[in-house]
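What follows is one structure encoded as structure tokens, with my remarks underneath.
The values are calculated or read from the model by the stated rules, or taken from the named source; none is laboratory data. Bear in mind that the values here come from a model prediction, so they are computed numbers and not experimental data. Positions of Cβ are backbone-derived with ideal geometry, glycine not excepted, and every protein chain shown enters the neighbour counts.
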Amino acid sequence: MATFYALGNYTTQGFQGFIKDPKSDRAKAAQAAAQAVGAKLVSYTGLRGPYDFLAVFEGTFAQGAGIKMATEASGSLCNIAVCEAININEIAANAAKIAGAYKGPGK
């Protein structure tokens, strides 16, 4: 399983929901969304800044994309960026192998 970081924003509709129910447990909602597709919510944090929340979950890209699609389709969330944790050294090792073999256009 991979680790994914989902950063996103609440819409006007989402903020209206908070005003109606200020004690709304969004971590529980994020956990339910993850569990519905067999992923695991690791943590959920509200943020101050350009994003309103950060959800960390373990699963597959297809599960993460499904969570993004369904939660944005609800109308309460938007601008969800799903980032996957990577091993930069493994990527660099592959890039080093390719660098000697790859020829750019016109070379």
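Odds and ends about this structure:
- Every residue from segment 1-22 that is of a type in the set (S, T, N, Q) and within 12 Å of the chain's Cα centre (by Cα): T3, N9
- Positions within segment 7-33 being modelled with pLDDT of 95 or more and in contact with a Phe, Trp or Tyr (Cβ under 7 Å, 6 or more places away or on another chain), in sequence order: L7, G8, N9, R26, A27, A30
- Residue list for segment 35-55, restricted to those being assigned to a loop (DSSP other than H, G, I, E, B) and surrounded by 12 or more Cβ atoms within 10 Å (Cβ to Cβ): V37, A39, L47, Y51, D52
- Note on segment 21-31: among residues that are among the small types (G, A, S) and part of a helix (DSSP H, G or I), the one that is surrounded by the most Cβ atoms within 10 Å (Cβ to Cβ) is A30.
Condition check ((1) exposed (fewer than 11 other Cβ atoms within 10 Å of the Cβ); (2) part of a helix (DSSP H, G or I); (3) out of contact with any helix residue (DSSP H, G or I) (no Cβ under 8 Å at 6 or more places or on another chain)) across all residues:
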residue	(1), (2), (3)
L7	no, no, yes
F15	no, yes, yes
I19	yes, yes, yes
A33	no, yes, no
F57	no, no, no
E72	no, yes, yes
G75	no, no, no
I86	yes, no, yes
K97	yes, yes, yes
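- Enumeration of residues in segment 71-107 that are within 30 Å of A32 (Cβ to Cβ) and among the charged types (D, E, K, R): E72, E84
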